[in-house]
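To keep things clear, I will list the structure first and then write my remarks on it.
The values are calculated or read from the model by the stated rules, or taken from the named source; none is laboratory data. Nothing here was measured: the structure is a model prediction, and the numbers come from that model. With ideal geometry, Cβ positions are generated from the backbone for all residues, glycine too; neighbour counts draw on all protein chains shown.
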Amino acid sequence: MCCGSCAMMARVNKETVLEAVARLYREFMELPFPSGLAGADRAGFDLVMLDSDTAAWIFIWIKNGGELEARGRSGLLRCIARLDRVVPVLGEADDPEYWHRLHEMARLVADSSHVATE
């Protein structure tokens, strides 16, 4: 079953990665945080913090024109590692599509980010 990432990747191929992630981020930010998950923990991680930390690194990457400093890249990779553990244990009530979108955006950024040298 495709979680939407196939369609996401097809759209990305027609845009630059920065344009695609910026668009995906805008779409993602219009989504409500999954109801009932405030204060919830999955795989040992607080979902509100995981959501906000991941989205923040993606926003910083967009704002910096597709670059992250080493600290930002490290933070983003830490979020991806946490999402790698959280996504497989999500139930239907956890709105897995929301988390798949966040995870795929983070991966797009990590796969294409340049580490700023300044």
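Some observations on this one:
- Of the residues in region 4-18, not one is under 15 Å from Ser112 (Cβ atoms), at pLDDT 95 or above and either small (Gly, Ala, Ser) or not in a helix (DSSP H, G or I) (or both).
- Within region 43-58, the set of residues being more than 13 Å from Trp99 (Cβ to Cβ), more than 10 Å from the chain's Cα centre (by Cα) and either exposed (fewer than 14 other Cβ atoms within 10 Å of the Cβ) or not charged (D, E, K, R) (or both) comprises Gly44, Met49.
- Test for Arg71: is it surrounded by 15 or more Cβ atoms within 10 Å (Cβ to Cβ), closer than 16 Å to Ala110 by Cα and basic (Lys, Arg): no
Yes or no, residue by residue, for (1) among the hydrophobic types (A, V, I, L, M, F, W, C); (2) within 18 Å of Ser112 (Cβ to Cβ):
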| position | (1), (2) |
| --- | --- |
| Ala43 | yes, no |
| Glu69 | no, yes |
| Gly72 | no, yes |
| Arg85 | no, no |
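- Per the listing Asp84, Asp111, the residue uniquely modelled with pLDDT under 95 and assigned to a helix (DSSP H, G or I) is Asp111.
- Every pair of residues 6+ apart whose Cβ atoms lie under 8 Å, when the first sits in region 76-97 and is buried (at least 18 other Cβ atoms within 10 Å of the Cβ) while the second is acidic (Asp, Glu): Cys79/Asp53
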